[in-house]
Each structure stands twice: as structure tokens, then as C-alpha cells.
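Every number in this text was worked out from the coordinates using simple rules, so none of it is lab data. This is a predicted model, so every value here is computed, not measured. Here Cβ is always computed from backbone atoms with ideal geometry, including for glycine, and neighbour counts include all displayed protein chains.
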Amino acid sequence: MKKSYSSEHLAFLKREKRNAVIVRAARIALLALILGVWELIAALEIVDPFIVSSPSRVAKTIGQLWADGSLFYHVGTTLWETLAGFAVAVTAGSLIALALWWSEGARRVLEPYIVVLNSLPKIALGPVIIIWFGTGAASIVFMTVLVGIIVAVMHMLGGFLATDKNKITLLRAMGANKAQILVKLVIPSALPQFIGMLKICVGMAWIGSIMGEYVASKAGLGYLIVYGGQVFRLDLVMASTFILCLLAAGMYFLVVLAEKTVIRHPR
């Protein structure tokens, strides 16, 4: 059935679409300006290109990595470690948050420890993680999980506890048990917090995987950054960082796309 809109609503939709186009164009223009100024600074040697590199040198380095076949190997390694750590952190963090919501006693006992673990600098555990898991992918995935899981727990627990108390009371008055309240009310009402947690954990996952590759790795973008710094190949450092930005932006975009899908097609 075709929907009919008033002229005012159509004007509003047109204005919103125009504003969205303007925002996208402004973002592209800003990026182009930054890259242009960066290239100009390097070309005119206002700052030594060896120190700041340049977009053209970064593109050339990426082309070299592509040509020798190492680009996809290192990208694939870091991407797999990040996605694995992200999935485990989000899943385990959500389940732990559910358990803490379910048991008030456990929550009151464990909450101080969760806060302390969140404030702990995870890089300090690097030597211990290497002893536990070795220098392979397992240690990097564990570091990624360690960085993201506490954030996931705290964010989701806050979402569960923010459920409207009046609605919970109403469901209890209607005879609903705790499991029914959880499934019918608490989890659906925490969906916005879940999406917000995913957005935060995207960044935390990349931080964790690169941090892990700094500590112990033989491949990956973090390894290239460390190696490039050690041999003073700053073009390689900047190229790896640029690829990381693209991958992180792509992963964040997928979460935003999922958010729009959920909002437009609620269950």
C-alpha cells in the first residue's frame, strides 16, 4: 500500500536528505583538505618528509605491500585476531552482565573488582600473557578480549539496570517470573545500550589486538608498525596506521548499519 505524505512532511524529508548530502560532502572535503595539506607540507619540506611521510609515499608503500603479497597476509592476521577477540568479549561480557543483573548478591560482591579490572593497564599483563599463551595469535586474541570484556560488562549491566522499574513492577503484578521479565522486558529495553556497547567495543577490539601485536607477534599491522619504527621506515608505520583506520571505520560502519536496520525494523 502506497503511503501518502503531507506537503510539510515531504518538505521535511527533502530538507533532511539535503542536509545528509551536505554532511557527507563536508566530510569528504575535510579529508581531502587534510590529505592535501599533509602532501603540501611534505612536498615543500616545511617538515622533513622522513618524519611525517606523505599521502603519496603512504600510497606507494601500500602498493609495494600489495605487490610483494604481504598486504593481505598482515591485514588478514590482524583482522582475524580483532574479530575473534571482539566476538568473545561482546558475547562473554553480555552473558556476565546478565548473570550480574540476575543475582543482586553477586553484583554487589563483584562490582568493585570489575571497576578495578577496568582501571588496570592491560599492557602491564603482557609478559604474563606471553607466558600463558606464547607469542602466537592466542595471546593477541586474549589481550583483545581482556581490553573489551570489562567495558562490555559495565555497559550492558548499566543498560539492564536502567530498565523501567514501573514496568518491572507491572509485569510482576501480572504474574511474570524473573525469566519472563528478562526476556520480555529487560533484554529488549537494553537493545540501544547493546548497540552503543558494540560501537565502543569496536575501538577497544582494535586497541587490544594492536596492543597484543606490539607485545608479541610475528605478523599483523601492529607488527609492521613496530618493525617500521625499529628500522626507521616511517612510511611503513604511516601506511599500516592508515590501513588500520580504514578497517576500524569499516567495522564501525557495519555496526551503524546494523543499528539502522534494527531501528527501522524492530521486532
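Quick look at the numbers
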read-out	value
Gap separating the Cα centres of region 113-127 and region 216-264, nearest whole Å	23 Å
Sorted by Cβ neighbour density within 10 Å, fewest at the top, the residues 113, 252	113, 252
Mean Cβ neighbour count within 10 Å, used as a protection proxy, ranking 43-54, 214-225 highest first	214-225, 43-54
Net dipole in debye of the chain [+1 Lys, Arg Cβ; -1 Asp, Glu Cβ; about Cα centre; nearest 20]	1420 debye
Rule-of-thumb Rg ratio for region 97-211 [Cα; 2.2 N^0.38 Å; N residues]	1.29
Of the DSSP H helices in the chain, those whose Cα atoms cover at least 20 Å axially and whose Kyte score averages 1.0 or more	71-102, 137-161, 191-215, 234-264
Exposure proxy order (Cβ contacts within 10 Å, fewest to most) of 21, 147	21, 147
Rounded, prolate or oblate (a/c below 1.5 giving rounded, otherwise prolate when a/b exceeds b/c) for region 1-51 by Cα gyration tensor	prolate
Among 49, 34, 22 - extreme Cα towards positive end, dipole of region 1-51, charges at beta-carbon	22
For 211, 143, 154, order by how many other beta-carbon atoms lie within 10 Å, fewest first	211, 154, 143
Structure-based [θ]222 nm, the chain - -39500 (n - 2.57) summed over DSSP H runs of at least 4, per residue, nearest 500	-27000 deg cm²/dmol
